[in-house]
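Chemist: If you scroll down you'll find the structure; I have some questions about it.
Each reported figure results from applying straightforward, stated rules to the coordinates on display, with no laboratory input. Computed from a predicted structure; not experimentally measured. Reconstructed Cβ throughout: ideal geometry from the backbone, glycine too, with neighbour counts over all protein chains shown.
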Amino acid sequence: MPTITLNKTVFEKLVGKKLTLDKLKDRISMLGTDLEKIEGDKIHVEVFPNRPDMLSESGFARAFSAFIGVKTGLRNYKIKKSGEKVIIDKSLKNIRPYTACAIVKKLKFDDERIKEMIQLQEKLHVTYGRNRKKVAIGIYPYDKIRAPIKFYAKDPEKVKFRPLDYPSELTGLQILSKHPTGRDYAHLLKGYKKFPFFEDSEGNILSMPPIINSHTTGKVTEKTTEVFIECSGFDFNTLSKCLNIIVTFFADLGGEVYSMDLIYQNKKYTTPDLRPDKMKLDLNYVNKLLGLNLKKTMIKKLLERMGYSYEEDYVLVPAYRTDVLHQIDLVEDIAIAYGYENFEEEIPNVATIGEEDSFEIFKRKIAYILVGLGLIETMTYHITNKEKHNKKMMIDLKCIQLENALTKDYNILRSWVIPSLMEVLTNNKHNDYPQKIFDIGVCFKENPIKETKTEEFTRLAVATTHSTADYTEIKQYLDALMRAIDLEYEVYDTDHPSFIPGRVGRVNVKGKDVAYIGEINPVVLQNWQLEMPVACFELNLTELFRLF
Amino acid sequence: MDIKKLVDSLHLLERAVLPYLDRPRTLKELEEKTDLKQVEIMRALQWLQNKKIITIKEETKEIVELDENGKEYAKKGLPETRFLKILKDNFEEISNVMKKVGLNKDELNVCIGTWKKKGAISINKEKDKLMVKITDFGKKLLKKPNYEELFLQSKFPLDKSTLKPEERYAFDLLSKRKQILKTSIVKTKIAKLTDLGKRINIKEIDKDVVDRLTPEMLRKQTWKNKKFRRYDVSINVPKINRGKRHFVNQAIDYVRKIWLEFGFKEMTGPLLQTSFWNFDALFTAQDHPVRDMHDTFYIKNPEKGRLPDPKIVKKVKCMHEHGGTINSKGWQYSWDQEEAKKNVLRTHTTVLSAKTLATLKKTDLPAKFFAIGKCFRNETVDWAHLFEFNQVEGIVVDPNANFRNHIGYLREYFKKMGYPKARFRPAYFPYTEMSMEIEVFHPIHKQWIELGGSGIFRPEVVEPLLGEAIPVLAWGPGFDRTIMEYYNITDMRDLYKNDLKQLRNMKEWMP
């Protein structure tokens, strides 16, 4: 979750009220954000990714001020027409086809404010912009730019400019390998023959989105008073929302917002558009879902606490809100304004019949039979590696592999449990013997006819180890278990590389092979650095349950 | 201390030894007096000492014994005495005397040297032959007692510390000579009654008590009219190990019981699922960060699975793209069915809720379901994170369910888990609205700890699966963290380290 830093003094001024620390902490967390920590004048808060509009000091203060009842209701933002144009070329099709732009004037920048602006831009890139894939944002000192501005795609080897914080000019292609930011985001332009560029009417390159601005025309300084803002990406609606978040941030800091005309091939848009969305709200739906009985006036008041306005069954949703998809989102905001802590809990008087899964019952019975025999249950991981699962066991079983395991230690899904028990025994060599353990766990194998083309089995593995552990003992456990669940079985001899030849059997129940039983091969014991004989069996419980 | 009880508790071996402890005794002495083996006596003494009836003192002694020559001289007498005794008043050839006494050359030299110095003999040279005779002084000497000879006749071994002055004198002289005496250090254990022991009438201890009751005694009834040895019932006994379920599974069974008591039905299902069920059916946009490689385990082979009923797939697709038919905006992007086919290890048990909703009919409502099971997250393992963890899932599918019911169920559940104080904070999950973070108050650390998510499923989730957008209360708090406190575990990895000592000693789940 993104964390942003607020300046306490500035924040209190923006909110319009001072709160005690405890109250501040409590209110922030009940708004659906989280106070991380306070360091001197700095407040660190976590914002949920559904509220990119709260990723700046002024955006956060706007929501908070309404929530604590200081400045409630929909805020009105004025937009003046600049009449300036941005011309979008058709060459951008399939590359980065859309942009939404604006100009903000009468701004006063200082070091702190520039940092805030960059913080918002970066946080938006990471969250709402999905690391610049969905939205890339550029903010430029407007006094260095001459409109109209062109947005086009061109062969990156033919475009040259000095990228931000770089000593010399580079071609578009060179930026991807030479500039640190270029290297970080090169994957976003991979495979494209043409790269997108913004250029002003005097032929100056402004930027190469979604990578980097120009050093000459794309760096906001303390002298800057007017900015040009562009958001580029693939979905016009997403870009306009993002632009709205940025211009309202500047407007709250005293800037004057000017619109621009975007000239597309067949269409003309004017952005930003800060007119609120209208959404119908069914008051019965609100009350039924919340289990409350709120009057219309109360609902109106609660909506205003969340920055909305309410008129004639309709809610006016601020243009910077990106998360209101359905009236359910308004219901949640009403609940937040009402306060989650104020809901009285109630268990409904509705009878339903509880029912335990029958296989879970079976598994539990098996476990308790084994506990009665003096065995200890272990719980091992499903993810393992080939070294443990196959090589040490002297077997070559086909395994389902993970695509993106973090380490080589855990990169396949197990298909049998005995290797997990061998590992447990190896890790317990310092503990008292005899050691008699069992594990009931899920195993995986491929099966093309299933939904995931894989199938899962629950298997039981039992192992006993001490100086005289042998086949007789392990068979006694198997026999006791089978008698307990009243299933007849036969054991016939078989070969298995993990066991001692001549001391391994296959267990058959009602014509189905369900288990292996035997004494572990001394080479396997050596592979696991074990110094005591081990006898074990592994039983397919899923199969057994079908026969049961 | 009750002397009678003490005596009643004596073991047969102790009873055999005790009568001879009228005075301090060494192990050896006791071995001679009783017919017990040394180990048995040792055991008896040890027990008596544990009962504070005796003390065992260890003494170090220097023991004097005859060496090889000493043994011979003890029988025959010392060579110089034998030499002097055989001499006559007139001269005799030395080689003859040597033969008669049976001396070797070295011994002869000693004899001549010793006696000549004292003037006990006189020596004359006739022709080439050495002649010897005894003097009057020599005769006098023979009448005096010889301490060295006397010492050799003592009863060995001797305790060096108890030698009398004349014995000491002889010992010093003899010690200088070759292989007559040898000394060695010997440790002896001496048992002595304590004041408590002295209160016991040791001469009248009953030696015929029943120790272990045997089948034979029962058969022959020989236990009758006999005393049973009294046992120390407070005795420390060796630990034995029992069979037991893994402590996490004990707690899981308890959770299962809670939800069954609440009237919930259990859901189970595979750990490996398609992205469709794990994400898409839960209205999680395909570019949502949770679907990134670094959060979710994807499968290499088989990389993709199959999509379910095309009707459901189409509805889910429409919901993502433009909100379907329920007045929602949807996520406004182009939904890719290939992405939905990708296999994953389930990231939450909520996947089971999605699948359950897809099978429900209107006549089944209201219905409540729960699950508890393993989920996976592609995370680096540390004290607070595991790549495999358990989640407790629950859904209430009821047209009349509301947010207050939601809080009600969860509060009740956490009460039963030992957390009477729970609070719910606004949160965000793509598939719920209201979304709630569950926090419980940690009674020891005095702070709120986050336990995971819950909320009411969005209509965008419910409508495509169930055919109608009714409220579905849903929760999936983490489980492992809630039981660590009870088991005094601070590092989550310790839940699954499978150390047998830990498993054997871990207390039972009792809440």
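Chemist: Starting from the Cα of A:Tyr285, step 7 Å along the direction of its Cβ; do the same at B:Ile86; then give the gap between the two resulting points in nm.
Modeler: In this crude spin-label approximation the distance works out to 13.8 nm.
Chemist: What's the longest bit of chain B with no exposed GluC sites (Glu not before Pro), using DSSP loop states and at most 16 other Cβ atoms within 10 Å as the test?
Modeler: Longest site-free region, per DSSP loop and neighbour criteria: B:1-302.
Chemist: Provide the three semi-axes, in whole Å and in decreasing order, of the ellipsoid equivalent to chain A as defined by the square roots of 5 times the Cα gyration tensor eigenvalues.
Modeler: Computed over chain A, the values are 63, 33, 22 Å.
Chemist: Which chymotrypsin sites (Phe, Trp or Tyr not before Pro) in the range B:141-202 pass both tests, a DSSP loop state and at most 16 other beta-carbon atoms within 10 Å?
Modeler: Filter output for the range B:141-202: empty list.
Chemist: From the square roots a ≥ b ≥ c of the eigenvalues of the alpha-carbon gyration tensor of the range A:337-407, which class results: rounded (a/c under 1.5), prolate (a/b over b/c), or oblate?
Modeler: It comes out oblate by the Cα gyration axes.
Chemist: Now a separate question. For the pairs B:Lys37/B:Lys239; A:Lys90/A:Lys190; A:Lys190/B:Lys342; A:Lys392/A:Lys445, flag any whose C-alpha to C-alpha distance is greater than 25 Å.
Modeler: B:Lys37/B:Lys239
Chemist: I need the shape label for the range A:389-548. Rule: rounded when a/c is under 1.5, else prolate if a/b > b/c, else oblate, with a, b, c from the alpha carbon gyration tensor.
Modeler: Oblate.
Chemist: Ordered by residue, what ³J(HN,Hα) values in Hz, to whole numbers, does the range A:310-315 give under the Karplus form 6.51 cos²θ - 1.76 cosθ + 1.60, where θ = phi - 60° and Gly and Pro are x?
Modeler: So the Karplus estimates, Gly and Pro as x, are 10, 9, 6, 6, 10, 9 Hz.
Chemist: Straight-line reach from B:Lys144: which lysines have a Cα under 16 Å away, not including same-chain ones fewer than 8 places off?
Modeler: B:Lys85, B:Lys118
Chemist: Okay, moving on. Compute the long axis of helix B:310-322 from its Cα atoms, compare it with the longest principal axis of the Cα atoms of chain B, and write down the angle in degrees, 0 to 90, nearest 10.
Modeler: Here the helix axis deviates by roughly 80 degrees.
Chemist: Which of the trypsin sites (Lys or Arg not before Pro) found in the range A:45-143 are in a DSSP loop and have at most 12 neighbouring Cβ atoms, other than their own, within 10 Å?
Modeler: Here the sparse-neighbourhood loop sites are A:Lys78, A:Lys93, A:Lys106, A:Lys108.
Chemist: With charges only on Cβ, +1 for K and R and -1 for D and E, what is the dipole size of the range B:177-275 about its Cα centre, in debye, rounded to 20?
Modeler: 1120 debye
Chemist: A further question on this structure: Among the listed pairs B:Lys76/B:Lys140; A:Lys436/A:Lys510; B:Lys315/B:Lys374; A:Lys71/A:Lys134, which are separated by more than 26 Å between their Cα atoms?
Modeler: A:Lys436/A:Lys510; B:Lys315/B:Lys374; A:Lys71/A:Lys134
Chemist: Kirkwood Rh and Cα-based Rg: tell me the resulting Rg over Rh for the protein assembly as shown, rounded to two decimals.
Modeler: Value, to two decimals: 1.26.
Chemist: When A:His430, A:His179 are ordered from fewest to most other Cβ atoms inside 10 Å of their Cβ, what list results?
Modeler: A:His430, A:His179
Chemist: Nearest 10 degrees, 0 to 90: what angle lies between the long axis of helix B:105-118 and the longest principal axis of chain B (Cα atoms)?
Modeler: With rounding to tens, the tilt is 60 degrees.
Chemist: Could you tell me what percent of the DSSP beta bridges with both partners in the range B:248-505 are antiparallel, to the nearest 5?
Modeler: The answer is about 95 percent antiparallel.
Chemist: Moving on. Out of all DSSP beta bridges with both ends in the protein assembly as shown, state the antiparallel percent to the nearest 5.
Modeler: Just about 90 percent of them are antiparallel.
Chemist: May I ask for the angle, rounded to the nearest 10°, between helix B:247-261 and the longest principal axis of chain B, with both axes built from Cα atoms and the value confined to 0 to 90°?
Modeler: Compared with the principal axis, the helix lies near 30 degrees.
Chemist: Over chain A, what relative contact order in percent results from Cα pairs under 8 Å that are six or more residues apart?
Modeler: 12 percent
Chemist: If I take R0 = 45 Å and measure r between the Cβ atoms of B:Asp67 and B:Leu196 in this structure, what FRET efficiency does the formula 1/(1 + (r/R0)^6) give, to the nearest 0.05?
Modeler: 0.50
Chemist: Same structure, new question: Taking the simple approach of a point 7 Å from Cα along Cα-to-Cβ for both B:Arg43 and A:Lys429, what is their distance in nm?
Modeler: A separation of 3.5 nm, rounded to one decimal place.
Chemist: Which pairs, out of A:Lys93/B:Lys355; B:Lys100/B:Lys139; A:Lys160/B:Lys329; B:Lys33/B:Lys187, put more than 31 Å between their alpha-carbon atoms?
Modeler: Checking Cα-Cα distances, A:Lys93/B:Lys355; A:Lys160/B:Lys329 exceed 31 Å.
Chemist: Still on this structure, I have one more. Mind checking the dipole of the range A:277-339: about its Cα centre, +1 per Lys or Arg Cβ, -1 per Asp or Glu Cβ, Debye to the nearest 20?
Modeler: 240 debye
Chemist: First check a/c for the range A:457-513, with a ≥ b ≥ c the square roots of the eigenvalues of its C-alpha gyration tensor; if it is under 1.5, answer rounded, and if not, answer prolate when a/b is larger than b/c or oblate otherwise.
Modeler: Oblate, since a/c reaches 1.5 and b/c is not below a/b.
Chemist: How big, on average over all directions, is the shadow cast by the Cα convex hull of the range A:128-263, in nm²?
Modeler: Convex hull of Cα atoms, orientation-averaged projection: 8.4 nm².
Chemist: Kindly provide the helix-only [θ] at 222 nm of chain A, computed as the sum of -39,500 (n - 2.57) over DSSP H runs of four or more divided by all residues, to the nearest 500 deg cm²/dmol?
Modeler: Rounded to the nearest 500, the figure is -8500 deg cm²/dmol.
Chemist: Here's something else I'd like to know. Among A:Tyr308, A:Tyr433, A:Tyr185, which comes first, then next, by fewest other beta-carbon atoms within 10 Å?
Modeler: Listed from fewest to most nearby Cβ atoms, that is A:Tyr433, A:Tyr185, A:Tyr308.
Chemist: A further question follows. By a straight-distance test (C-alpha under 17 Å), which lysines pair with A:Lys85 as possible cross-link partners, with residues fewer than eight away in the same chain excluded?
Modeler: Once the sequence-local lysines are set aside, what remains near A:Lys85 is A:Lys105, A:Lys144, A:Lys150, A:Lys267, A:Lys268.
Chemist: Taking 8 Å as the Cα distance limit and 6 or more residues as the minimum spacing, I'd like the relative contact order of the range A:79-271 as a percentage.
Modeler: In percent, rounded to a whole number, it is 41.
Chemist: Let me ask another. May I ask you to list the GluC sites (Glu not before Pro) in the range A:172-226 that are in a DSSP loop and have at most 11 other Cβ atoms within 10 Å of their Cβ?
Modeler: In loop regions of the range A:172-226 (DSSP not H, G, I, E or B), the sparsely surrounded GluC sites (Glu not before Pro) are A:Glu202, A:Glu222.
Chemist: With the contact rule set at Cα under 8 Å and sequence spacing of 6 or more, what percent relative contact order holds for chain B?
Modeler: 13 percent
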